[in-house]
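K.L.:
Can you read through this structure? Questions will come right after.
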Amino acid sequence: DTEVTQTPKHLVMGMTNKKSLKCEQHMGHRAMYWYKQKAKKPPELMFVYSYEKLSINESVPSRFSPECPNSSLLNLHLHALQPEDSALYLCASSQLPGGLVYGTDTQYFGPGTRLTVL
Amino acid sequence: ELKVEQNPLFLSMQEGKNYTIYCNYSTTSDRLYWYRQDPGKSLESLFVLLSNGAVKQEGRLMASLDTKARLSTLHITAAVHDLSATYFCAVVAYDNTDKLIFGTGTRLQVFP
């Protein structure tokens, strides 16, 4: 099973709403990532979790709040978003922290959540 | 700041033709990744190139890495419509973290 799942597939929310994105993998991977991708642009890294601990925060605004409750699950909590936050949010995982740098890992991406902020 | 640039940004090619996509990066790295993304879909890993001179092939796609030139190529042989997608290269950030910096992307369109 090399699947990363994400829910919901689509989300429309107002600027005052609170919502959460969910990502799950059952490959035993211990590094998980959140990316944001605007149309016709490359993915931009937001957060990295290594062994369930936040290891990289790419200066993301606090209206995005990540959470890693266990090794299989990654959440992204959203609050008071702006219309410019509308994008495709991608979750990814890789086998081990440091595996991209020192090992032979690759990242497995989920299908994404398409977020629209009104 | 690590920069990863691809060219061309857009490629329209006829079925059966050959072409090469180039990926240049601005800092030392000995590994590079290629991904494919279909419109509105997620990213699919194509190749992981782990050393200078690495070459990998899958079907009509062949990727290579020249770390001295800081250049990777993705060569398409006898293109077919199913190859139409956006292709991204990605390089591990120079700070040795699990941070991938993606290239600008090349949108490939193959027509009959």
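K.L.:
I'd like the full set of residues that are in a loop (DSSP other than H, G, I, E, B) and surrounded by 18 or more Cβ atoms within 10 Å (Cβ to Cβ), limited to region B:19-39. Give the steps one after another, and end with the answer.
P.N.:
At the first step, the residues of region B:19-39 found to be in a loop (DSSP other than H, G, I, E, B) are B:26-31, B:38-39.
Correct list: B:Ser29, B:Arg31.
K.L.:
Here is a further query. Return yes when B:Glu58 is under 20 Å from A:Lys38 (Cα atoms), modelled with pLDDT of 95 or more, surrounded by fewer than 19 Cβ atoms within 10 Å (Cβ to Cβ) and not hydroxyl-bearing (Ser, Thr, Tyr) and no when it is not. Before you say what the answer is, go through the steps one by one.
P.N.:
Numbers: under 20 Å from A:Lys38 (Cα atoms): no; modelled with pLDDT of 95 or more: yes; surrounded by fewer than 19 Cβ atoms within 10 Å (Cβ to Cβ): yes; not hydroxyl-bearing (Ser, Thr, Tyr): yes.
So B:Glu58 fails the test.
K.L.:
On to the next question. Here's a check for you: in region A:9-59, which residue that is small (Gly, Ala, Ser) and within 11 Å of chain B (Cβ to nearest Cβ) is farthest from the chain's Cα centre (by Cα)? Steps first, answer last, please.
P.N.:
As a first pass, look at region A:9-59 and keep what is small (Gly, Ala, Ser): A:14, A:20, A:28, A:31, A:39, A:50, A:55, A:59.
Narrowing further to those that are within 11 Å of chain B (Cβ to nearest Cβ): A:31, A:39, A:50, A:55.
Working: A:Ala31: 11, A:Ala39: 17, A:Ser50: 13, A:Ser55: 13 Å.
Per the stated criteria, the residue is A:Ala39.
K.L.:
Under 7 Å between Cβ atoms, which residue pairs at least 6 apart in sequence (or on different chains) link something in region B:101-112 that is within 13 Å of chain A (Cβ to nearest Cβ) and aliphatic (A, V, I, L, M) with a partner that is assigned to a strand (DSSP E or B) and surrounded by 21 or more Cβ atoms within 10 Å (Cβ to Cβ)?
P.N.:
B:Ile101/B:Val4; B:Ile101/B:Ala90; B:Ile101/B:Val91
K.L.:
Is it the case, given these coordinates, that A:Leu115 is among the hydrophobic types (A, V, I, L, M, F, W, C), within 11 Å of chain B (Cβ to nearest Cβ) and more than 20 Å from B:Thr97 (Cβ to Cβ)?
P.N.:
Numbers: among the hydrophobic types (A, V, I, L, M, F, W, C): yes; within 11 Å of chain B (Cβ to nearest Cβ): no; more than 20 Å from B:Thr97 (Cβ to Cβ): yes.
In short, no.
K.L.:
Which one of these is closer than 21 Å to B:Ile101 by Cβ, modelled with pLDDT of 95 or more and not aliphatic (A, V, I, L, M): A:Tyr89, A:Tyr102?
P.N.:
Checking each option against the conditions leaves just A:Tyr89.
K.L.:
Quick one: B:Gly16 ticks every box in (1) in contact with a helix residue (DSSP H, G or I) (Cβ under 7 Å, 6 or more places away or on another chain); (2) farther than 19 Å from A:Phe109 by Cα; (3) not in a strand (DSSP E or B) except a single one, so which number is it?
P.N.:
Result: B:Gly16 passes all but (1).
K.L.:
Follow-up. Determine which single condition A:Lys38 fails, assuming it passes every other condition in (1) crowded, with 16+ Cβ neighbours inside 10 Å; (2) among the charged types (D, E, K, R); (3) modelled with pLDDT of 95 or more.
P.N.:
Of the numbered conditions (1) crowded, with 16+ Cβ neighbours inside 10 Å; (2) among the charged types (D, E, K, R); (3) modelled with pLDDT of 95 or more, the odd one out for A:Lys38 is (1).
K.L.:
Scan region B:42-56 and tell me whether some residue there is in contact (Cβ under 8 Å) with a residue 40 or more places away in the chain and more than 10 Å from the chain's Cα centre (by Cα).
P.N.:
Yes - at least one qualifying residue is present in region B:42-56.
K.L.:
Going by what's in this entry, would B:Leu9 be described as more than 14 Å from chain A (Cβ to nearest Cβ) and among the aliphatic types (A, V, I, L, M)? Reasoning before the result, please.
P.N.:
Values: more than 14 Å from chain A (Cβ to nearest Cβ): no; among the aliphatic types (A, V, I, L, M): yes.
Spelling it out, it is not the case that B:Leu9 is more than 14 Å from chain A (Cβ to nearest Cβ) and among the aliphatic types (A, V, I, L, M).
K.L.:
Out of B:Lys56, B:Lys68, which single residue is more than 14 Å from every other protein chain (Cβ to nearest Cβ) and out of contact with any helix residue (DSSP H, G or I) (no Cβ under 9 Å at 6 or more places or on another chain)? Break it down into steps so the answer makes sense when it comes.
P.N.:
Working: B:Lys56 fails: more than 14 Å from every other protein chain (Cβ to nearest Cβ).
Going through B:Lys56, B:Lys68 in turn, just one is more than 14 Å from every other protein chain (Cβ to nearest Cβ) and out of contact with any helix residue (DSSP H, G or I) (no Cβ under 9 Å at 6 or more places or on another chain): B:Lys68.
The values are calculated or read from the model by the stated rules, or taken from the named source; none is laboratory data. All values reported here derive from a predicted model rather than from experimental measurement. Cβ atoms come from the backbone with ideal geometry, glycine included; neighbour counts cover every protein chain shown.
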